[in-house]
Amino acid sequence: MQALIFIGMPGAGKSTFYRSRFFDTHLRINFDQLKTRHREAILLRACIDSKTRFVWDNTNPTRVSRAPLLADLQRARFESLAFFFEPDFAASRERNNLRVGRARVPEVGLKSVAAQLEKPSFDEGFAAIFSVWNCNQLGFEVREWQR
């Protein structure tokens with residue numbers, strides 16, 4: 001049982017990373033598709049109860065915002081892995097500006113998440129933490145943190 005927690009700004013490439021690395025192995029839980037936190041919570045609970053591997057593809061910017069799910073995952077004996085998308089505000093803004101309609105996040109939203117963004121820590125309960133850099137057409141660079 002494995003839960004992958006994505007942490008990063010809008011436009012960092014989280015969803016693209018999911019599609020390229022985990023589409024065939026993990027269910028994706030994403031607020032952009034589900035539209036409400038209530039639906040997101042229902043699906044998270046269903047994954048935990050059914051012992052389904054999943055990716056929580058969201059900004060998850062703060063330790064406090066991650067804590068309730070991580071506590072549930074620990075009780076359910078899930079292995080929780082963090083993928084921290086190293087912030088690059090200018091690049092995230094560029095990618096965000098290419099989005100159309102409701103997919104585009106207002107710049108104030110980008111700035112808000114950037115200001116809140118906290119690096120994950122092993123003491124949150126993560127079994128492993130990875131830094132991810134979006135290299136655009138070159139793909140993604142991923143490095144595992146050492147304890």
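Coordinate-derived values only; no laboratory data. This structure is a prediction, so every number in the text was calculated from the model and none was measured. Virtual Cβ from ideal backbone geometry, glycine too; neighbours counted across all protein chains shown.
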Computed magnitude of the charge dipole of region 1-53 (debye, nearest 20; Cβ of K, R +1, Cβ of D, E -1): 20
Inter-probe distance in nm under a simple model that places probes 7 Å from Cα toward Cβ, at Cys135 and Arg77: 3.9
Fewest-first ranking of Lys14, Lys35, using other Cβ atoms within 10 Å as the exposure measure: Lys35, Lys14
Charge dipole (debye, nearest 20) of region 2-144; +1 at Cβ of Lys and Arg, -1 at Cβ of Asp and Glu: 480
Residues in region 78-105 that a label on Glu118 would reach, taking backbone N under 18 Å of a point 7 Å out along Cα→Cβ: 81-87
Spin-label proximity, Val142 to region 69-86 - amide N less than 18 Å from point 7 Å beyond Cα toward beta carbon: 79-86
The chain: calculated mean residue ellipticity at 222 nm from DSSP helix runs of at least 4, using -39500 (n - 2.57): -11500 deg cm²/dmol
Fewest-first sequence of Ile48, Ile5 by Cβ atoms within 10 Å of each Cβ: Ile48, Ile5
Fluctuation leader among Thr62, Thr16, Thr25 - the chain, Gaussian network, Cα springs under 10 angstrom: Thr25
Residue order, fewest to most beta carbons within 10 Å, for Trp133, Trp56: Trp133, Trp56
Debye-sum result for region 2-144 in log10 I(q)/I(0), which assumes one identical scatterer on each alpha carbon, at q = 0.09, 0.16, 0.21 Å⁻¹: -0.25, -0.84, -1.47
Among Gly101, Gly13, Gly125, residue whose mean-square fluctuation peaks in a GNM of the chain (springs only between Cα atoms under 10 Å): Gly101
